[in-house]
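Q: This is the structure I have questions about; it appears just below.
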Amino acid sequence: MKVTIGGPLKLAFRPWVEGLENVPAEGPAILASNHLSFSDSFFLPAVLDRKVTFIAKAEYFTTPGIKGRLTAAFFKGVGQLPVDRSGARGAGEAAIKSGIEVLERGELFGIYPEGTRSPDGRLYRGKPGGLARVALATGAPVLPVAMIDTEKIQPPGKVVPKLMRPGIRIGRPLDFSRYQGMEHDRFVLRAVTDEVMYEIMKLSGQEYVDMYATAMKRQLADAAKAEKEASKAAKAAFAQAEKDQAEKDQAAEERAENEQP
């Protein structure tokens, strides 16, 4: 996959990279990145010599038909691990277990602490479960990663990607060994996650929003729904007003005709 996808990807988009020296040549490490685009999971592994394993929703691996099999083969090839998201807690536990297994093999594990893509290019609050628990359970160093401008390459709804240079900044590894054995303390998990998000913010230069991206997406969806309903109501009111005016005009014409001698 690094040859068939990574090579052409680097040749076409020429991503610039800072901080490659911070990625260990061997041994486990966690790459904690902001998440701007679907392509983040391709650009980051493409610029590294080592394999990076991310987690992906199980639907990518279980869809029936030829397209489903091709999709499953593709995601397996690029190092994605399937996680069943049918239950929120079960999905979280599965993701944590998968991450620990990857790191115990001495490999690189990639994770997006925001939990989903940013809806507007800003950096959102990190979720305290997965990243912090995996880091504290394994003792693996955490490398903050900033993806730059990847959301501009293929915005939502655009089929053909724009040829431009995205950037990747990899920060120095963060050591959380001082919290060893405290992976079930929610205050420690919050502190670890916030420290990582702060480093990502410094690397990316993004505006930070102290709320979860999933909550913002719900707000935006609710606002869009309300706007659509308001627009529909306004059109209905305008149509009714036109109908009422037409009826008044017709009644006036009829009265005028009846009043003629």
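A quick yes/no check of all residues on (1) more than 16 Å from the chain's Cα centre (by Cα); (2) surrounded by 14 or more Cβ atoms within 10 Å (Cβ to Cβ):
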site: D149; (1), (2): no, yes
site: P155; (1), (2): no, no
site: P173; (1), (2): yes, yes
site: A191; (1), (2): yes, yes
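Q: Moving on. Given P141, P113, which one is at pLDDT 90 or above, of a type outside the set (G, A, S) and within 15 Å of A191 (Cα to Cα)?
A: P113
Q: Return yes or no: is Q206 polar (S, T, N, Q) and in a helix (DSSP H, G or I)?
A: Here the answer is no, as Q206 does not meet what is asked.
Q: Restrict the check to the stretch 202-215 and report whether at least one residue is open to solvent by 50 Å² or more (accessible area, probe 1.4 Å), more than 20 Å from P15 (Cβ to Cβ) and β-branched (V, I, T).
A: Looking through the stretch 202-215, none of the residues is open to solvent by 50 Å² or more (accessible area, probe 1.4 Å), more than 20 Å from P15 (Cβ to Cβ) and β-branched (V, I, T).
The values are calculated or read from the model by the stated rules, or taken from the named source; none is laboratory data. As the structure is a computational prediction, the values presented were derived from the model and not from experiment. Because the Cβ atoms are built from the backbone with ideal geometry, glycine has one as well, and the counts that use them run over all protein chains shown. Remember, those area values only see protein heavy atoms, side chains included, never the ligands or the DNA or RNA. Shrake-Rupley method; radii C 1.70, N 1.55, O 1.52, S 1.80 Å.
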